[in-house]
Amino acid sequence: MDASAIYERLRARFAERVVSVDLAAKDPWILVAPEAVAEVGAYCRTDDALRCDALSNLTGVDYKAEGYIELIYHLYSYPHRHYVILKARTPRDAAVVPTVEGVWKAANWLEREIYDLLGVDFTGHSDLRRLLMPEDWVGFPLRKDFVEPDSYHGISTRRESLLR
């Protein structure tokens, strides 16, 4: 099944919660309302025609100028050998999306990484805490407006360039 057919199937099931599709992209993607991402994901996994049993990747991108953080879900179906990319956009100042950890266990660590580096709160996550940064770190390093502090607990975060 190609992206167009998957989009039509999702649109028929979820109506306006499946917002749009970009079939002209190199990797076509479907935009889903952020509050519906877990429900749409669960449908993609359990529907016999889709059977997206693998969350291959989940990442996020900060679009500061546009005011949102985009989450990109790469889903793959081993039985049908097709894939689909779902996207959800959440406001930067209130970055909240339901977890898909109950749909794909791989989401546990992927969502923790996005929480840690971009500050997206995944509601319902079983263990949402920092993964890469220290627990007391202030800010989210992959946000476009992040400014690295000069030091952390008295340890300098500045280093001389090795390229000199």
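Bear in mind that the values in this text are calculations on the coordinates, not laboratory data. Bear in mind the structure is a predicted one, so any value in this text is a computation, not a measurement. All Cβ positions, even for glycine, are placed from backbone atoms using ideal geometry, and neighbour counts span all protein chains on display.
Subtract the Cα-Cα distance of L163 and A5 from 0.36 nm times their separation in residues, and report this length gain in nm to one decimal.
Extra length from L163 to A5 when fully extended: 51.9 nm.
With a cut-off of 8 Å between alpha carbons and a minimum separation of six or more residues, what is the relative contact order of the chain in percent?
Values: 287 pairs, mean separation 27.7, N = 164.
The value is 17 percent.
At S56 and Y152, where each label point lies 7 Å from the Cα along Cα→Cβ, what is the point-to-point distance in nanometres?
Going from the S56 label point to the Y152 one covers 3.2 nm.
Which FRET efficiency, nearest 0.05, do W109 and A33 yield, Cβ-Cβ r, R0 25 Å?
So, using R0 = 25 Å, E works out to roughly 0.50.
Once the dipole of the stretch 71-138 is set up with Lys and Arg at +1 and Asp and Glu at -1 on Cβ about the Cα centre, which of G124, V84, P134 lies farthest towards its positive end?
The listed residue farthest towards the positive side: V84.
What fraction of the DSSP beta bridges in the chain is antiparallel, stated in percent and rounded to the nearest 5?
Details: 25 of 32 bridges.
Antiparallel: roughly 80 percent of the beta bridges in the chain.
Using only the alpha-carbon atoms, what does the chain span along each of its principal axes? Please give whole angstrom values in decreasing order.
Principal-axis extents of the chain (Cα, largest first): 56, 33, 31 Å.
Would you give the gap between the C-alpha center of the stretch 53-98 and the C-alpha center of the stretch 136-164, rounded to a whole Å?
About 27 Å separates the Cα centre of the stretch 53-98 from the one of the stretch 136-164.
What dipole magnitude, in Debye to the nearest 20, does the stretch 3-156 give about its Cα centre under +1 on Lys/Arg Cβ and -1 on Asp/Glu Cβ? Let's see the in-between values first.
Numbers: 18 positive and 24 negative charges, 114 e Å.
I would put it at about 540 debye.
From the Cα gyration tensor of the stretch 84-146, with a ≥ b ≥ c the square roots of its eigenvalues, which class applies: rounded if a/c is under 1.5, or else prolate if a/b is larger than b/c, or else oblate?
Values: a/c = 1.91, a/b = 1.28, b/c = 1.50.
Cα axes put the stretch 84-146 in the oblate bin.
Where does helix 37-46 land angle-wise versus the long Cα axis of the chain, in degrees 0 to 90, nearest 10?
50 degrees
What is the distance, in nm, between label points placed 7 Å from the Cα along the Cα-to-Cβ direction at A49 and at S126?
3.2 nm
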